[in-house]
1. Look through Ala126, Ala122, Ala138, Ala142 and report the one residue that is under 23 Å from Leu27 (Cα atoms) and of a type in the set (A, V, I, L, M).
2. Please specify each residue of the range 153-175 satisfying the condition of being touching a Leu at 6+ places or on another chain (Cβ under 7 Å), part of a loop (DSSP other than H, G, I, E, B), at pLDDT 95 or above and of a type in the set (Asp, Glu).
3. Within the range 108-128, is even one residue under 20 Å from Gly22 (Cβ atoms), surrounded by fewer than 22 Cβ atoms within 10 Å (Cβ to Cβ) and out of contact with any His (no Cβ under 8 Å at 6 or more places or on another chain)?
4. Taking the range 128-142 as the region of interest, how many residues are under 17 Å from Asp172 (Cα atoms) and part of a loop (DSSP other than H, G, I, E, B)?
5. Of all residues in the range 86-101, count the ones that are free of Cβ contacts under 8 Å to residues at least 12 places away in the same chain and in a strand (DSSP E or B).
6. Mind checking which pairs have a first residue in the range 126-152 that is at pLDDT 95 or above and a second that is crowded, with 17+ Cβ neighbours inside 10 Å and basic (Lys, Arg), Cβ under 9 Å, 6 or more apart or different chains?
7. So Glu179 ticks every box in (1) in contact with a strand residue (DSSP E or B) (Cβ under 6 Å, 6 or more places away or on another chain); (2) exposed (fewer than 14 other Cβ atoms within 10 Å of the Cβ) but one. Which box is left unticked?
8. Starting from residues that are part of a loop (DSSP other than H, G, I, E, B) and free of Cβ contacts under 8 Å to residues at least 40 places away in the same chain, keep the ones in the range 43-67 and report whichever is surrounded by the fewest Cβ atoms within 10 Å (Cβ to Cβ).
Amino acid sequence: MASGSTPDPERTPVRIGVLASGSGTILEAILDTDLPVALVAADRPCRALDVATEAMVPTALVDRADFGGFGQEFDRESYSQAVADALVGADIDVVVMAGFGTVLAQPVHDAYPGRILNTHPALLPAFPGWHAVRDALACGAATTGTTIHVAQLEMDTGPILAQASVTIEPSDTEATLHERIKTVERTLYPATIRTFIDGLADHAIDGGASSEPDAPEEITE
């Protein structure tokens, strides 16, 4: 598929590329719902690649170690181009980040404008950044949750597609709260991905009707 183009109505379903870095639990939830995952790419060797292999989904390891690793020498621009090349080479239509630990630069966003989805463990715009669960606990919030949004170049921004709230219990630690958020996320994320790709397919078939995201869905645990 050419960069920035709409899915071909003659080629269905929309092809999903999942980016992962860790244990693959979000990926498992996505695969369990039979979403059309055509590639799983990782930025380091991880269990998510094994999950994909077991599900007979093609994999790609675009290893940060080949681009300077995790220090100041990391070449984010070249790395992001390599990820974009892997996705485009696999004819991917929509990119889904599933616990992906690398912030990607402009080349991926150029290849998939408005087609990169991400999940964040807070009710954005509250608590953006890497320590959202810790920050919610530290400020004494009564409620947090998870947000599914369209990723943009600036981290934790972009149109919100769905949110679900999770009550913070007095006994919660960062680990227990994060796990309860992930439990909600494993249901909300696949459902939101499905709605998103169905909208893209409809957009391709009707020849160009508006594909702006609908107002976010709100769910309470």
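The values are calculated or read from the model by the stated rules, or taken from the named source; none is laboratory data. Just so we're clear, the structure is a prediction, and the values are computed from it rather than from any experiment. When we count neighbours, we look across all protein chains shown, and the Cβ atoms used for this are built from the backbone with ideal geometry, even at glycine.
1. On the way: Ala126 fails: under 23 Å from Leu27 (Cα atoms); Ala138 fails: under 23 Å from Leu27 (Cα atoms); Ala142 fails: under 23 Å from Leu27 (Cα atoms).
Step by step, each of Ala126, Ala122, Ala138, Ala142 is checked, and only Ala122 is under 23 Å from Leu27 (Cα atoms) and of a type in the set (A, V, I, L, M).
2. If the condition is that a residue be touching a Leu at 6+ places or on another chain (Cβ under 7 Å), part of a loop (DSSP other than H, G, I, E, B), at pLDDT 95 or above and of a type in the set (Asp, Glu), then Asp172 is the only one that fits.
3. no
4. Count: 5.
5. Selection size over the range 86-101: 0.
6. What qualifies is Thr146/Lys182; Val150/Arg115.
7. (1)
8. Met56
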